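Bear in mind that the values in this text are calculations on the coordinates, not laboratory data. All of these numbers come straight from a predicted model, not from anything done at the bench. Using ideal geometry, Cβ is built from the backbone for each residue, glycine included, and neighbour counts are taken over all protein chains shown.
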Amino acid sequence: MNFPQKTREEIKAEREAKKAAKAAAKATKGKNVSKVASSNNNVKNVSPVINSKISEKSVERDVSKESDNKITNTDIKNKPTAVNCDISEKSTKTDAVTVKDSQPTREVSKENTTQSSNIGTQSCTPEGKSKEKIGEKSKAELRAERRAKQEAQRAAKQQQLLAKDNSKTKEPIKPCVETKSECVVKKDVIKNVIKEDPHQLSLFKHLYHERESSRIAVAPINLNIHPAIIRLGVQYESKVIVGSNARCVALLAAVKQVVKDFEKPAQADFVRGLETSLQQSMVYLHHCRPLAVSQQNAMRHLKWQMTRFSSLSDEKAKNKLQGIIDTYISEQIQLAGKAISIKIREKISNGNVILTYGYSSLIHNILVEAHDAGKQFRVIVVDGRPWLEGKEQLRRLTKHGIECSYILINALSFIMPEVSKVFLGAHAILANGAVMSRAGTAQVALIAKAFNVPVLVVCETHKSSERVQTDSIVYNELGDADELVNHQSNDEVKKSLLSNWRTKKSLNLLNITYDVTPADLVTAVVTELAIVPCTSVPVILRIKPSEI
Amino acid sequence: MIDSPPEKINESVLKLINNIHYGDVKGTYNIVLATISVLKEIINNTEWNTAKDLMDSITLNGKYLIEALPLEASIGNMVRRTLQIIREEYILELKNKTEETDPQESLHKILTAENDQQIDFNTSVPSLKSALLEHIVEFETELETCLENITEQASEHIHSNEIIMTIGKSKLVEEFFKKAASTRAFDVIVAEGGPFLNGHEMAVNLAKAKIKTTLISDVAIFAMMSRVNKVIIGTHTVMANGGLRAISGVHTVAQAAKHYSVPVMVLLPLYKLSPLYHSSYKQNGFNKHVSPMQGVIDSANTQLLEKVHAYNPVFDYVPPDLVTLFISNIGGNAPSYIYRLLSELYHPDDYEL
Amino acid sequence: MCKKDVLQAVILADDFTTSLTPSQNIFPSILMPVINVPLFDYMLETLIKSRIQEVFLYCSSHIDLLKEYVKVKNYKGTAISLIISDGCSSLGDALRDIDTKGWIRGYFILIRGNTFVTADLKSLLNAHCLKVEKDKGATMTMVLRNLGSTKNSYMSEEASLVVSDKSSNKMLYYTKLKNSEKKVKLELNWFLDHSEIELNTCYLDTHIYLCSPSVLPLFADNFDFQTMDDFIRGVLMNEEILDSRIYWQQLDVEDYALPITSWKAYHMLTQDILRRHSFPLVADAFSSLKNFIYMPQSTYKHETALAKGCVLEKDCILGLNSALGNNTKVARSVIADHCIIGSNVNIRNSYIFSNVRIKDNCTIVNSILFPNCIVRYGSQIDGCILCPEIDVAARSQYIDIIVESQSSGVSKTKMLELEVNDEFLYFKNNKLAECDNCSTESSSSEEDSERDSPIPDDTNMFLSEVIDSLLRGYQDKLNCENLILEINSSRYAYNVTIREVTYNVIKAILSLPLHYLAETKTPVNSQNYQKNLKAIITYFNPIILNYVKNENAQDDCLRAIEDIASTTDELLPYTQHLLNQFYDRDILSEEKILEWYESTSEDADVFHSKVRNAVQPFIKWLREAEEDSTESDND
């Protein structure tokens, strides 16, 4: 037993501390996030992810006071790994445990992570630690800090380079981490522009350019962005949340949070204010990773809905909007998925061999549900570097007891003769009937067609886009080219081959994220409304109410 | 090799098998050279009286070689080629004795020629041996210049500012590009080529030669194909119907090229041309399946490995209708012309050993 | 330094264990047929490939068989000498014997006869020599293969615990993990003496040891070293005195090695060869396994085998001149040469050695049939081992027995009665678990639904989903934030309200120890439960905090605790501690707890009052404390 052993004094002290803490929590909970908040509040304001970085940063800075471009650059890269462990690696994780003897940095950062997660959810008392820190500081220090912060902001506005200098001045707590991080991003961009020029493929110049402009468009100070959105942005960027549906659901969940916490600005109308706020959020998210079609559609739907309830009171509008978001998720995504699953199940007969590419949550659900419904079939999971999402599909399906085979995309023509159907997921379905999906999908469809195997693309209608596209180059998303460098540690020779590819002027690495499957390679598209040939997709678009 | 071999097999043949099996001799070109030198040794060092004796001995040894190493089709090609050389020389020597022959082959002569079947190889021709050795040395020089002859044609097939796609690594293709790059500028897109990622090396080598190179993942082949002007690839073997046995992934490239109507050119040193047919994809001995741990799936995951099948085939079969042109050391040919090349290179009797 | 010498390898033809009962009476372990090819064939191929010049084969039983075998085989560049010693009964004795003969001159490779390996031994030995250059006392390097997590796999009993210095791979502790042991004692000295330590449970001993010349004298000096484990333990314990250290080295990821330490490992090895993980030692590429036709799903058929009208489902091989009848089904099995199998036979997970005849309508599952057996019409054989030349009468049914023919007649031993030693592992058990994979899943969810029947379907599904993800998260130590995301997405998938989410998440966390214990096969008792619960709650604190953040949520949380506590006997006595824990963590507020305690709901049945009784002491303490605090507030 824990409690009776304690002395009464101890208990009392403990309880008092707790009471105080709770009171503090109550006091701070209500407060709105704003620019002129106390430094305590400011900590809250900052995105959790960036917050967790502080300790690392400051430690690093202690070591080498010059924070040159390189360090900040790596910092940015560290960001995702420090907070989010890579989901895709879950399966391959071994039991290995490395016990390091003493690592204060790591411990501190870990503490900070937990701390920040608490703050991020805004549900709990500020932890003892941050309180202590505040307590320790004299008023003079606080003042100095505030001044430093203002200085930093000004500096950020004027010049990015100055901001770098500012970061050198040691501060106990970064007062405006966000400003900093934005600067860092910008610096990063500028550096890339200079350095990567020879490594841009002329064919894709427009895509590189678009990327840069979207990054620059983000205002350096964006304290208005809700922490949930900032966190989401980091999750997008670090590929913790991938997949059209997942991204859409996560976005809607975050927007819901934003709506819930939204306070009407003094001079503006509720809807107008919310719209601009969301607009800013979307720009930020776009900078993290280009928006998926599903996300754009969802946002358009919300906007359209918002225009309709201008007459409502704020509170009602909030509630209604949240309700709309929930309906959208359940109708457009979940129920649609279910409907597709039921439709396509008829197409699976016993003894079939189903081939699928990469990981699609919808395909996964379809296969699992079909298996549960007692269908006897076998699955071949095709995978392609560098994403290797098929491994996740494979892991989940085998866990569910479905018999699976696994090949890389180059072996397609070896496996295709035994396949009876190909199921593919989609990122978006375009108005000309082409299917936009993870790079490699078009190849699977192509080879399937060559072997006369039917190809079914599953796609909820909320992923349909008005855009038309005939090739994969006009619009695409460029991934990190370094992912192509072989990461498998087994082959030292191959690893060293490409590790310094940037130094070779005439060598480019290209990693595109999507490709476009022409309509003639797809036998049918399965949507929640009907199973139709690709060319009939515009018809579906017209059936759907115009708001989507 | 642990099997005890039959008595009649030549010692050098066994050695060759071991060398290839344990990876001391690698690459089709080296295997071809080694095979020819072994066959030369058989002609030179074994005792034989008539051409028939020699042909039997070579057939026997050749058959053993082919069975031991079913995947190296070029070995069989060399055996057949040697047999053809023996036939030619024998007939030549015989005719030298009897009558003068007209060196010019006319269509009329081919049509009216007597059937070869009736030639009796049992006559002993003492000068045959030296003539044979001479011819084989000639053939060896032909092999040596073969690759050069192909790269010489590079400028005929690549023009400036083209975008060319290739997959994996082929020494010949690399030399071909380098040759072309000496006179004109063009872009090369290299697909990395399956789990072995040989394309990485290819890309680095090309970049070193100052060719603008882009390395893409295998998944992006189709997406990039829409901008490609030409596909130039190497191959492992060419079947009698013009189909290819090439590294896995080539079928996708060729199919994508067909979709976008991009010409596919295959560099073909003639020793890779095999008189065997292949129609079904599951035929035994066609493909080589190596361990899936070599790049396909992580070995440190027993839980998963127990439950799934992972495949790692090395080769792809590419049907002939996807190939536009073969560029061999004697010029460019369409796949439909392969049968003619075959009949020039090998004797129909030797197709099946 | 060892490059100048002739490369020497010592192979022990026997492994001196009885884990493959009864095969040790039939072959020495090195001649154990794997896909109808003796293990030695595979090993020779590897030896030749790695250019080992001199091989000593130490024979201690079945000497005639071995002599015959070595005489027949032809090997190039590798000299094989037999060391014959009848009646040697342990690895230690064998090595001492070799030491006295004095034939080993330098560094050598020690291979236990039951292993299968494809790696290049020469480069492994060179790596060991490099280690010796750095550390003169490097006695031996063990070659370990990374298996990854072995949970729920055939190999779960094979992995070992390896504690080593991270920078140098120096072994500090090595032991085979037994399922019964759940605790490992870690010495403080390891952490004090080394800057970084690696603890692994994913490595498998490949039974290949790269030895310095000092290994043999060590064996000679220490007569108590009987097995390799003895040796490793002995050397590690007396590292200072003996001035010798053991290192380990990981097998290259593309290479394959597996010692046949049990029938399970045997099964695994065969499957892996069929799936070509052991390339180039696989059918078609390996000279002893030629002329096989490779078909989809890893099935092979010899060119001469007759298999018309039968179904080769997956992972099986049909040997030379074997014939299958109509409508016979084969999966995950090996059928060796000259077997004749009738129609409508079902063969699963079985090993049928050469010249076996199986008549129509038989079922052979999880069994091993040694050469020349006959199984007559309509028999059922499940989980049996039939020794050579057994004749099974028509319509007989054999389950879980070993059948041996002796001079007195046929003896049948029940697997359970077998008292060979506890190392005997038959591959059947796991297989059953695997086949029932999906059914166990469903049954566990059934259990859940029994426990809390009234919830509607979707919520129930959601609960099991949450339990699944939490369990996985806990085992793989995933980030709680990601788990929250996962739970949220399942929430949307099953359309569950936020209050139900809180309720179910708490419920899931509380019932997690039960699932966790079931997964790790630990007996479920209150002590284990409580211990695990505590760890789990600490781990999932962020998740709990994420969901329980307002008063309604606290209500849900309490409701969940009450429901689970009332139905789970393990939790009941612990409930008050749990409440205290939640209170301390600020998950539950004092007011809420009291409010809940006082709210005698109208349907307060026996169970719920039971819970309230159980938490009474805590409530009492809470009230007292509150009075104190109000008092102190007044002060």
Which ³J(HN,Hα) values in Hz, rounded to whole numbers, follow from the phi angles of the range A:388-395 under the Karplus curve 6.51 cos²θ - 1.76 cosθ + 1.60, where θ = phi - 60° and Gly and Pro get x? 6, 6, x, 4, 5, 4, 4, 4
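What number, in nm² with one decimal, is the all-direction average of the projected area of the convex hull of the alpha-carbon atoms of chain B?
Projected area, direction-averaged: 21.1 nm².
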Which one of B:226, B:259, B:159 is farthest out on the positive end of the charge dipole of the range B:153-350, using unit charges on Cβ (Lys, Arg +1; Asp, Glu -1) and the Cα centre as origin? B:159
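Could you compute the FRET efficiency for residue B:63 and residue C:183, with r as their C-beta to C-beta distance and R0 at 56 Å, rounded to 0.05?
My answer for the efficiency is 0.30.
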Percent of all alpha-carbon pairs of the range B:240-315 at distances over 14 Å, whole number, is 72
Taking N as the number of residues in the range A:252-406, what is its Cα Rg relative to 2.2 N^0.38 Å? 1.38
Residues of A:248-255, mean number of Cβ from any other protein chain within 10 Å of their own Cβ, rounded to a whole number? 2
Treat each spin label as a single point 7 Å out from the Cα along the C-beta direction, and report the residue C:167 to residue A:264 distance in nm. 6.7
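Rounded to the nearest 20 Debye, what is the dipole magnitude of the range A:306-384 about its Cα centre when Lys and Arg each give +1 and Asp and Glu each give -1 at the C-beta? Walk me through the intermediate numbers first.
Working: 10 positive and 8 negative charges, 41 e Å.
In total the dipole reaches around 200 debye.
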Among C:116, C:168, C:191, pick out the residue whose Cα is farthest towards the positive end of the charge dipole of the range C:110-191, where Lys and Arg carry +1 and Asp and Glu carry -1 on C-beta, about the Cα centre. C:191
Table column - 3J(HN,Hα) (Hz), the range A:469-482, Karplus curve with 6.51, -1.76, 1.60, x for Gly and Pro: 7, 10, 9, 9, 9, 4, 10, 7, 10, 8, x, 6, 5, 5
If I take R0 = 35 Å and measure r between the Cβ atoms of residue B:229 and residue A:502 in this structure, what FRET efficiency does the formula 1/(1 + (r/R0)^6) give, to the nearest 0.05? 0.80
Given C:176/C:531; A:338/A:421; C:134/C:176; A:347/C:359; A:347/A:399; B:63/B:179, which pairs have Cα atoms separated by over 31 Å? A:347/C:359; B:63/B:179
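Among B:309, B:259, what is the fewest-to-most ranking by other Cβ atoms within 10 Å? Before the final figure, lay out each step's value.
Details: B:309 21, B:259 18.
Starting with the residue having the fewest Cβ neighbours, the order is B:259, B:309.
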Among A:449, C:136, C:122, rank each residue by its count of other Cβ atoms within 10 Å, from fewest to most, as a rough exposure measure. C:136, C:122, A:449
On Cα atoms only, tilt of C:63-72 relative to the major axis of chain C in degrees: 70
In nm, to one decimal, how far is the residue A:529 label point from the residue A:312 one, both placed 7 Å along Cα→Cβ? 2.6
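May I ask you to derive the relative contact order of chain C, considering only C-alpha pairs under 8 Å and at least 6 residues apart, and to give it as an integer percent? Each step should come with its number before you reach the end.
Working: 1134 pairs, mean separation 51.8, N = 635.
Dividing the mean separation by the residue count of chain C yields 8 percent.
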With axes computed from alpha carbons, what is the tilt in degrees of helix C:616-634 against the longest principal axis of chain C, rounded to the nearest 10 within 0 to 90? 50
Let me make sure I get this right: for the range B:153-350, a, b and c are the square roots of the gyration tensor eigenvalues over alpha carbons, sorted descending. Under 1.5 in a/c it's rounded, otherwise prolate if a/b > b/c, else oblate. Which is it? oblate
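Where the only charges are on Cβ atoms (+1 Lys, Arg; -1 Asp, Glu), what is the dipole of the range C:288-429 about its Cα centre, to the nearest 20 debye? Mind dumping the intermediate values first?
Working: 14 positive and 14 negative charges, 129 e Å.
For the range C:288-429, the charge dipole is close to 620 debye.
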If you average 1/r over all unlike Cα pairs in the range C:288-429 and invert the result, what Kirkwood radius do you get in angstrom? 15.2
Residues whose placed amide H lies under 5 Å from that of residue A:511, excluding near-sequence neighbours: A:479
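Report relative contact order for the range C:282-407 in percent, whole number only (criteria: Cα-Cα under 8 Å, sequence separation at least 6). Walk me through the intermediate numbers first.
Values: 393 pairs, mean separation 16.4, N = 126.
Reported as a whole number, the value is 13 percent.
Using the structure shown, list the pairs from A:504/B:288; B:288/C:151; C:534/C:592 with a Cα-Cα distance above 29 Å, or answer none. Please list the in-between numbers first.
Details: A:504/B:288 35 Å; B:288/C:151 33 Å; C:534/C:592 22 Å.
A:504/B:288; B:288/C:151, as the Cα separations exceed 29 Å there.
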Hydrodynamic radius by Kirkwood, which averages 1/r over all alpha carbon pairs of the range C:22-96, in angstrom: 13.2
Sort C:46, A:276 by Cβ crowding within 10 Å, fewest neighbours at the top. A:276, C:46
With a point put 7 Å past each Cα toward its Cβ, work out how far residue B:339 is from residue C:621 in nm, to one decimal. 9.4
Crossing angle, helix C:91-101 versus chain C [Cα axis fit, 0-90 degrees, rounded to tens]: 40
